[in-house]
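Below: the structure, in structure tokens.
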Amino acid sequence: MWFIDSSDVPSRVLIVDDHSVFRSRARLLLEVAGYDVVGEAEDADSAVAETNRLEPDVVLVDVQLPDRDGFAVADELSRGMHPPQVVLISSREATDFGGRLPDAHSRGFIHKPELSRASLEACLVDRT
């Protein structure tokens, strides 16, 4: 069993999803868990703009966005001057994305129904 030192876990989060209901639920869940949700975005272009403006530690990015997919967003954010840790999220299962997840510029993947402090920290905390 491993233990999390919460001081090592990034805390400023940007939520990127085209569904406002999910963004609201994710914001509430993360804020109750102690995260500082610094903003929200509904598409890839606004995700990049808000990341540059807000400089979050973590960006939760839905894989399916209206203008580009989350993989493209993760790739673009990884090339920034201060790249955040990107965690991909989706209502679809990880297996639906085949071999794309291991090659993504992200710290991990969370199935939306399983979003919690523990699942986010599992992606963010280095357990080596």
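Every read-out reported here was derived from the displayed coordinates using simple, explicitly stated rules and does not represent laboratory data. Just so you know, these numbers come straight off a predicted model, no measurement behind them. All Cβ positions, even for glycine, are placed from backbone atoms using ideal geometry, and neighbour counts span all protein chains on display.
Going by the alpha-carbon gyration tensor, a ≥ b ≥ c the square roots of its eigenvalues, is the chain rounded (a/c under 1.5) or, if a/c is not under 1.5, prolate (a/b greater than b/c) versus oblate?
Working: a/c = 1.28, a/b = 1.17, b/c = 1.09.
The shape class here is rounded.
About its Cα centre, what dipole magnitude does the chain give when the only charges are +1 on Lys and Arg Cβ and -1 on Asp and Glu Cβ, stated in debye to the nearest 20?
On the way: 13 positive and 24 negative charges, 49 e Å.
Roughly 240 debye, rounded to the nearest 20.
Could you pull out the longest piece of the chain with no exposed loop chymotrypsin sites (Phe, Trp or Tyr not before Pro) in it, calling a site exposed if DSSP puts it outside H, G, I, E, B and it has at most 11 other Cβ atoms within 10 Å? If you can, show how the numbers build up before the last one.
Numbers: sites that count: TRP2, PHE3.
Formally, the longest exposed-site-free interval is 4-128.
Which one of ALA49, ALA41, ALA74 has the biggest mean-square fluctuation once the chain is modelled by GNM with Cα springs under 10 Å?
Of the options given, ALA49 has the highest mean-square fluctuation.
Show that you can apply the helix-only estimate: for the chain, add -39,500 (n - 2.57) for every DSSP H stretch of four or more residues, divide by all residues, and state [θ] at 222 nm to the nearest 500.
On the way: 5 runs with 45 residues, N = 128.
The per-residue figure over the chain is -10000 deg cm²/dmol.
Among ARG107, ARG53, ARG68, rank each residue by its count of other Cβ atoms within 10 Å, from fewest to most, as a rough exposure measure.
Details: ARG107 19, ARG53 12, ARG68 15.
Listed from fewest to most nearby Cβ atoms, that is ARG53, ARG68, ARG107.
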